[in-house]
Amino acid sequence: MATEQYDSSDDVDIDELVIFMGADLNRHMSQAKDRANGNRCCLICKIVHRIRLTDCNAYEPSVLSIGPYHHSELPLLAMETEKWICLDYILKLNHEFSLQECLSLISRLEKETRGYYTEEINIDSRAFLQMLLLDSCFILVYLGGMNAQGSSSDGKQSKENIIHERTKEAMDLSHMDAICCQSVSGHSAVDIELNQFGKETEDSHNQGNYGGAVEWYNSSAVYDLLLLENQIPFFIVNTVHQFFSRNVTTTSLLTNSISEFMEGILCHFPKVLTEANRPKDFYHLLHLCHKYLKPSHKLDDEHHRYASNFQCFHFIFDISRKIFTFGQEQDMFHKLDWSNSVQKFNRWRRAVDYHEAGMQFKKREFDEAKPHSLLDIRFRNGLMEIPCLPIDDKSSLLFRNLVAFEQTCPQVGDDITAYVVLLSQLTSTAADVTLLAQKGIIVHQMESDEDVSTLFTKLFEYVVFNFDGEHYLKSLCYAMEAHYKSRINRWMAWLWHNHFSNPWVGFAAIASAFIVLCSIMQTVIAFLSYME
């Protein structure tokens, strides 16, 4: 068999390769340095491919693109018109401020902004700056950030009326092509594109070529703002807002408006944060959402005391049992190691298993005087109080992105992850969901309880969680396991489920016990009479 002759013409030019690799190495190291200098904590990451496959719709925007990761994707182009409407509205409120000054200000922050993204952004500087400005204006207008803006001659008309009219005019506009970022006759390309946009909307209005207001404010657009991959650093939004307001003190007004919007999104969830203690510092909108759902306090001390009481009780119980039964001494020390067995078990069980061991589940009622968060779970004397959790088709999307945020930014903690892990194990089967739904803890709009169980089971897929770590539910796990291991609790639960769950069965059991007691007393009295 002839051997293929080696062709020297295929030799790689090593010198040329060294030059190319050196340039790439410098570029990648420069990007890594920018990320480290720009923000060491809260980077905006892309979801890894394996996790994305579990539910790709949960991580990709459906109608609205914010930031560079999904910029200019075909299904999201329709909403670009809305961003131009927002820019037009802001510029009309501020005739004295030029677009050139604003873009120049943003350009100074471009390098820092790119450092917030873990993936390489293959967008040129001009398109990148335009994207930052349009996305910032969209967030400012539609999330209420321009409410604190001073009025001008064109600003006397309410924002709602202007936006309503402009969206009506733009109803049938096709998406504008990407801006050719060049300057013509002393005017920026953004100015030219904005003027062209105004002419097109005017022509469309004159022709009556629209069919009603654009219904952008829907669940899809709102939840698109909470996707991890669909974020821009909030300091860019704040910079644009400060530029047009010329007042640094309006930052608190902006964060209050954005927080108020977030409270509307999370209106069905209990929150410990109120108007008085709204967050003032957050990296992006998903980070703000994460702050609203964090637990209000640590539960370690309370749950550790509960578990310790059970451990002491079982220690005394085992000694007494061994003494009175004359058990083997070596086996006794094996049994006395029960307290350590609780510490070794670091996972949760099914809700039905806990219920059969005597644990009661109850919806935690919200108290305005002492508000609690969605994650504030309380366990006292065998009663587990869990805040009500409403679940719909968007719940998976929200929790997946919150978990992904914690997985990619460990500095923000793992409270949401611990909560999801707990629910995924409590609701392992449809019977568990049925039990919690009967108690009012889970209120869902899914087709069946099985769908809810599947939802939480999939949420736990590929999640990295250290059960032995110092998560906020660690002591709760020990306390629940201590209650589950208690023999007294099991006996009492067995009596209740089998003899006292039904009033008539319970009455029969009490009557039977009374008859037995009377028989014993009668026997004793007869024996004493005989002895006399």
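The values are calculated or read from the model by the stated rules, or taken from the named source; none is laboratory data. These figures come from a predicted structure and were not determined experimentally. Because the Cβ atoms are built from the backbone with ideal geometry, glycine has one as well, and the counts that use them run over all protein chains shown.
Residue check: is Arg380 basic (Lys, Arg), more than 20 Å from Thr457 (Cβ to Cβ) and in contact (Cβ under 8 Å) with a residue 12 or more places away in the chain? Spelling it out, Arg380 is indeed basic (Lys, Arg), more than 20 Å from Thr457 (Cβ to Cβ) and in contact (Cβ under 8 Å) with a residue 12 or more places away in the chain.
Go over the candidates Phe460, Phe379, Phe467 one by one and state the one that is aromatic (Phe, Trp, Tyr) and within 21 Å of Leu226 (Cβ to Cβ). Step by step, each of Phe460, Phe379, Phe467 is checked, and only Phe460 is aromatic (Phe, Trp, Tyr) and within 21 Å of Leu226 (Cβ to Cβ). Taking Leu76 as the residue in question, decide whether it is crowded, with 16+ Cβ neighbours inside 10 Å and without any contact (Cβ under 8 Å) to a residue 24 or more places away in the chain. For Leu76, the condition - crowded, with 16+ Cβ neighbours inside 10 Å and without any contact (Cβ under 8 Å) to a residue 24 or more places away in the chain - is met. Kindly establish whether Thr113 is under 24 Å from Leu286 (Cα atoms) and surrounded by fewer than 17 Cβ atoms within 10 Å (Cβ to Cβ). When the stated conditions are applied, Thr113 does not pass them.
The number of residues in the stretch 246-277 that are modelled with pLDDT of 80 or more and part of a helix (DSSP H, G or I) comes to 17.
None of Asn230, Asn238 is in the same structural domain as Ile121 (by TED's automatic domain parsing), modelled with pLDDT of 90 or more and within 23 Å of Ile51 (Cα to Cα) except Asn230. Only residues that are over 20 Å from the mean Cα position of the chain (by Cα) and either among the polar types (S, T, N, Q) or loosely packed, with under 15 Cβ neighbours inside 10 Å (or both) were counted in the stretch 55-73, giving 2. If the condition is being modelled with pLDDT under 80 and among the hydrophobic types (A, V, I, L, M, F, W, C), then the stretch 24-51 contributes Met29, Ala32, Ala36, Cys41, Cys42.
Just to be sure before I move on: is Asp376 assigned to a helix (DSSP H, G or I), of a type outside the set (Ser, Thr, Tyr) and surrounded by 14 or more Cβ atoms within 10 Å (Cβ to Cβ) in the structure I sent? No, not satisfied.
Let's see how each residue does on (1) of a type in the set (D, E, K, R); (2) within 21 Å of Thr255 (Cα to Cα):
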site: Tyr89; (1), (2): no, yes
site: Lys92; (1), (2): yes, no
site: Glu96; (1), (2): yes, no
site: Ile106; (1), (2): no, yes
site: Leu109; (1), (2): no, yes
site: Tyr117; (1), (2): no, no
site: Leu129; (1), (2): no, no
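As for the stretch 425-441, it holds no residue that is under 18 Å from the mean Cα position of the chain (by Cα), modelled with pLDDT under 95 and in the same structural domain as Phe379 (by TED's automatic domain parsing). Listed here are the helices (runs of 4 or more DSSP H) enclosed by the stretch 34-139 that have at least 1 residues being hydrophobic (A, V, I, L, M, F, W, C) and more than 25 Å from Ser259 (Cβ to Cβ): 49-52, 80-93, 99-107. For the stretch 422-447, the candidate set comprises residues that are without any contact (Cβ under 8 Å) to a residue 60 or more places away in the chain and more than 15 Å from Ser396 (Cβ to Cβ); within that set, the residue that is surrounded by the most Cβ atoms within 10 Å (Cβ to Cβ) is Thr434.
Considered as a group, the residues in the stretch 389-433 that are out of contact with any strand residue (DSSP E or B) (no Cβ under 9 Å at 6 or more places or on another chain) and among the β-branched types (Val, Ile, Thr) include one that is nearest to Ile51 (Cα to Cα), and that residue is Val403.
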